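The values are calculated or read from the model by the stated rules, or taken from the named source; none is laboratory data. Everything numeric here is computed off the predicted structure, so don't read it as measured data. A quick note on method: Cβ atoms are made from the backbone with ideal geometry, for glycine too, and the neighbour counts reach across all protein chains shown. Quick note on the areas: whole protein, heavy atoms, side chains included, nothing else; ligands and nucleic acids left out. Shrake-Rupley method; radii C 1.70, N 1.55, O 1.52, S 1.80 Å.
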Amino acid sequence: MAKSVTPFLMFEGTAEAAANLYVSLFRDSSIRTIERYGPGENGAEGSVKQCHFLVAGLPLRCFDSPIKHAFTFTPSVSLFVDCESEAELDAAFAKLSADGAVMMPPGKYGFSSKFAWVGDRFGVSWQLNLP
């Protein structure tokens with residue numbers, strides 16, 4: 001039986017910047033550990049070999065892949081955040097949409113008080129909801 005399940009995000013050289021952005025957005029968020037590639041290892045020296053972090057209490061992992069793949073993130077998988085306030089949603093939207101892509105701008109779509117869907121500059125998709 002599985003001991004745990006943790007979302008894992010693969011980046012190509014931007015893992016630390018992405019994790020730092022994400023933990024800056026919501027309460028109960030922090031970088032837990034960062035392990036870096038050393039000299040002679042598969043990844044670029046100093047890049048992220050493994051990072052454990054929390055976003056609003058959700059444990060996540062990420063790394064900088066030493067292998068170039070023919071794929072990246074897709075909006076079909078996203079991080080869904082129930083925000084505590086409209087101010088929190090608006091602030092997260094502003095930071096996540098900077099140099100990213102807006103799939104649904106902040107608005108009332110009939111299923112919550114306010115909702116927005118954005119792909120950040122790293123390619124990760126976020127659904128921001130105000131219940």
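Of (1) 132; (2) 103; (3) 147, which is the value of volume of the Cα convex hull per residue in Å³ derived from the coordinates here?
(1)
Pairing the Cα long axis of helix 86-97 with the longest principal axis of the chain, what angle in degrees results, from 0 to 90 and rounded to the nearest 10?
In the chain, helix 86-97 runs at an angle near 40 degrees to the longest axis.
Report the percentage of all Cα-Cα pairs in segment 6-63 whose separation exceeds 16 Å, rounded to a whole percent.
The proportion of pairs with Cα distances above 16 Å equals 38 percent.
What percent does the relative contact order of segment 76-131 come to when contacts are Cα pairs within less than 8 Å and at least six residues apart? Display every interim value, and only then the final one.
Values: 111 pairs, mean separation 23.8, N = 56.
Averaging sequence separation for qualifying contacts and normalising by length gives 43 percent for segment 76-131.
Helix-only estimate, please: 222 nm mean residue ellipticity of the chain, summing -39500 (n - 2.57) across DSSP H runs of length 4 or more and dividing by its residues, to the nearest 500.
Working: 2 runs with 21 residues, N = 131.
Taking each H run of at least 4 residues, the total per residue is -5000 deg cm²/dmol.
Checking the a/c ratio against 1.5 first, then a/b against b/c, what shape does the Cα gyration tensor give for segment 37-81?
It is oblate, given that a/c is not under 1.5 and a/b is not larger than b/c.
Just subtract the alpha-carbon distance of Asp82 and Ala2 from 0.36 nm times their residue separation and send over the number in nm, one decimal.
Contour length minus the Cα-Cα distance gives 26.1 nm.
Given 0.36 nm per residue, what is the gain on full extension from Glu41 to Gln127 after removing their alpha carbon distance, in nm?
Length gained, Glu41 through Gln127: 27.4 nm.
Rounded to the nearest percent, how much of the accessible area of the chain (1.4 Å probe, protein heavy atoms only) is carbon and sulfur? Don't skip to the end; give the middle numbers.
Values: 4140 of 7500 Å².
That share works out to 55 percent.
Could you compute the net charge surrounding Pro59? Neighbours are other residues with a C-beta less than 12 Å from the C-beta of Pro59; K and R count +1, D and E count -1.
+1
Roll a 1.4 Å probe over the protein chains and send me the accessible area per residue for segment 18-120 in Å².
Heavy-atom SASA per residue in segment 18-120 reads 57 Å².
Given a Förster distance of 25 angstrom, what is the FRET efficiency for Ala98 paired with Ser30, based on the Cβ-Cβ distance and rounded to 0.05?
Numbers: r = 22 Å, r/R0 = 0.88.
Computed FRET efficiency for Ala98 and Ser30 comes out at 0.70.
Give me the net charge for the shell around Leu9: Cβ to Cβ below 12 angstrom, other residues only, Lys and Arg +1, Asp and Glu -1.
Local charge sum for Leu9: -3.
Within straight cross-link reach of Lys49, meaning Cα distance under 16 Å, which lysines are found once same-chain residues fewer than 8 apart are removed?
Lys68
Need one value: the accessible area of Thr74 in square angstrom, 1.4 angstrom probe, rounded to the nearest 10.
Estimated to the nearest 10 Å², Thr74 gives 70 Å².
Please calculate the 1.4 Å probe accessible area of Arg36, with all protein chains present, and give it to the nearest 10 Å².
Near enough 100 Å² of accessible area.
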